[in-house]
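Before any comments, here is the structure.
Read-outs throughout are calculated quantities, based only on the coordinates presented, and are distinct from any laboratory measurement. Just so it is clear, the structure is predicted and the values come from calculations on it, not from any experiment. Cβ placement follows ideal geometry from the backbone for every residue including glycine, while neighbour counts extend to all protein chains displayed.
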Amino acid sequence: MAWVREEPGAVVLDLLIQPRASRTRSVGEHDGRLKIQLAAPPVDGEANVALIEFLAAALRVRKAEVTIVRGETGRRKMVRVTGVSAQQVIDAFAPGR
């Protein structure tokens, strides 16, 4: 998967975010990134908070272990997650989950 890579002690995800969706969910790979739809609007950081909460719940890690590295104000984001492997991330976002 091009959208996930391992670094020492962490996994880095390349994401494409669609705010103001009907519900929060991952919808698969799009342009080499994992596409995530968020119900939250992109106002006052609400979508970023929703993204961190969604990823933490899906990957079963604490919210403090999910950090937006790049793209805080854009749709294309790079997120670093500690406490999981690349395979765990791939399994968590496999189609049909």
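Scanning the stretch 73-94 for residues that are within 20 Å of GLN18 (Cα to Cα), free of Cβ contacts under 8 Å to residues at least 60 places away in the same chain and not hydroxyl-bearing (Ser, Thr, Tyr) yields GLY74, ARG75, ALA92, ALA94.
Need at least 2 residues that are touching a residue at least 60 places away in the same chain (Cβ under 8 Å) per element, so show me which strands (runs of 3 or more DSSP E) inside the stretch 7-57 make the cut, counting only ones lying wholly within it. Steps first, please.
On the way: elements: 10-18, 25-30, 33-37.
Per the criteria, 10-18, 25-30.
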